[in-house]
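A quick write-up on the structure given underneath.
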Ligand SMILES: [Zn+2]
């Protein structure tokens with residue numbers, strides 16, 4: 001009988017292909033990498049997809065976020081993604097969630113999954129996913145792309161090292177480039193996310209030769225490196241410690257009392273490079289920002305923003321806490 005999965009079944013075999021129908025995958029972040037990951041897994045017939053994203057579709061997303069069209073502008077990404085994936089494969093169980101992954105909900109949202117895929121753009125979410133993986137033994141795939149570069153690393157503690165074996169803490173706010181500071185090219189993200197989706201198929205079917213190394217690409221300079229993960233285990237995965245789920249590290253956004261706006265706090269406090277951020281924000285907003293030794297202040301559209309050297313931010317104007325966290329990770333990075 002000819003059916004939708006016939007060609008992949010020829011390659012995978014009957015049992016491995018059938019196994020995909022019973023697998024449950026959570027995709028955290030439905031931007032450029034998440035779009036590609038979700039598309040491949042839905043087309044491959046992965047039975048249950050939990051789609052988590054806090055943002056709405058914006059015009060500046062469309063050059064690389066291939067799940068969305070102009071008709072989706074202003075719609076939450078999780079909702080738009082579910083609509084398009086349903087049209088591709090109506091046999092799947094899709095669970096779209098318009099929410100932020102936080103220490104308060106990560107355990108619950110990512111429980112009962114066979115695999116977690118990282119489509120995020122920030123380290124706070126990745127360290128939360130890593131903690132859930134340490135706690136539950138659920139494998140995850142770290143996927144990142146910026147400029148014309150990308151990284152893929154399948155992680156499954158205790159069988160493999162965890163993210164914290166490689167880097168104990170998230171990079172300091174402002175130390176890492178973001179899509180906003182370095183830009184990003186769609187095809188690079190497409191290759192990186194497709195590579196991760198291929199690893200996902202190996203993990204979900206229990207076949208193939210899973211990749212153990214971290215692979216790093218620089219498509220602009222035609223470079224590819226396989227990096228051996230650290231041999232020693234960190235005290236977090238070796239002792240089952242979950243600092244991020246326990247909220248000992250967090251990026252909190254709360255509405256301002258009595259005013260329209262949001263306050264963001266980073267715990268523990270960091271040290272922002274305000275002069276570097278001034279350049280980045282002036283380029284982004286096409287307006288002048290005022291920098292002192294302790295603060296950086298300026299406007300983006302209707303929002304009035306003050307960044308403090310310790311990592312805090314006050315954003316006055318029409319913005320929700322979810323959007324404020326998203327703005328912060330996009331601009332400052334974390
Ligand atoms: Zn570890």
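Remarks
- With R₀ set to 25 Å, the beta-carbon distance separating residue 221 from residue 284 gives a calculated FRET efficiency near 0.45.
- Candidates 246, 131, 118, ranked by Gaussian network fluctuation over the chain, Cα under 10 Å, top entry: 246
- Residues residue 309 and residue 232, FRET efficiency given R0 of 25 Å [Cβ-Cβ distance, rounded to 0.05]: 0.10
- Angle in degrees between helix 32-44 and the longest Cα principal axis of the chain, rounded to the nearest 10: 20 degrees
- Packing, taken as the mean count of other beta carbons within 10 Å per residue, orders the peptides 215-225, 312-322, 27-37, 136-146 from highest to lowest as 27-37, 136-146, 312-322, 215-225.
- Extension reserve of the residue 136-residue 252 stretch, reckoned as 0.36 nm per residue once the Cα distance is removed: 39.3 nm
- Long-range tail of P(r) for segment 1-125 (Cα pairs > 26 Å, %): 22 percent
- Residue 18 versus residue 191: modelled label distance in nm, points set 7 Å from Cα along the beta carbon direction: 3.8 nm
- Segment 195-273-segment 310-334 distance, computed between alpha-carbon centres (Å): 20 Å
- Most mobile listed residue (176, 262, 192) in the chain, GNM with C-alpha springs under 10 Å: 176
- Inter-label distance, nm, simple model (7 Å from Cα along the C-beta direction), residue 265/residue 3: 5.4 nm
- Tilt relative to the chain, helix 321-331 - C-alpha long axis, 0 to 90 degrees, to 10: 90 degrees
- Percentage, to the nearest whole number, of Cα pairs in segment 6-239 over 31 Å apart: 17 percent
- Relative contact order of the chain, defined on C-alpha pairs under 8 angstrom at six or more residues apart (%): 16 percent
- The order of 332, 2, 88, going from fewest to most other C-beta atoms within 10 Å of their C-beta, is 2, 88, 332.
- Taking the C-alpha atoms of segment 250-331, convex hull volume expressed per residue in Å³: 83 Å³
- Label zone (residue 73, point 7 Å along Cα-to-C-beta; backbone nitrogen cut-off 19 Å) within segment 288-329: 301-302.
- Average Cα contact separation per residue, segment 250-331, under 8 Å, 6 or more apart, as relative contact order %: 34 percent
- Between helix 186-205 and the chain: long-axis angle, C-alpha atoms, 0 to 90°, nearest 10: 50 degrees
- Added length on full extension, which subtracts the Cα-Cα distance from 0.36 nm per residue, residue 95 to residue 209: 38.1 nm
No lab work stands behind these numbers, since they all come straight from the coordinates. All values reported here derive from a predicted model rather than from experimental measurement. Methodologically, a virtual Cβ is constructed for each residue, glycine included, from the backbone with ideal geometry; neighbour enumeration extends over all protein chains shown.
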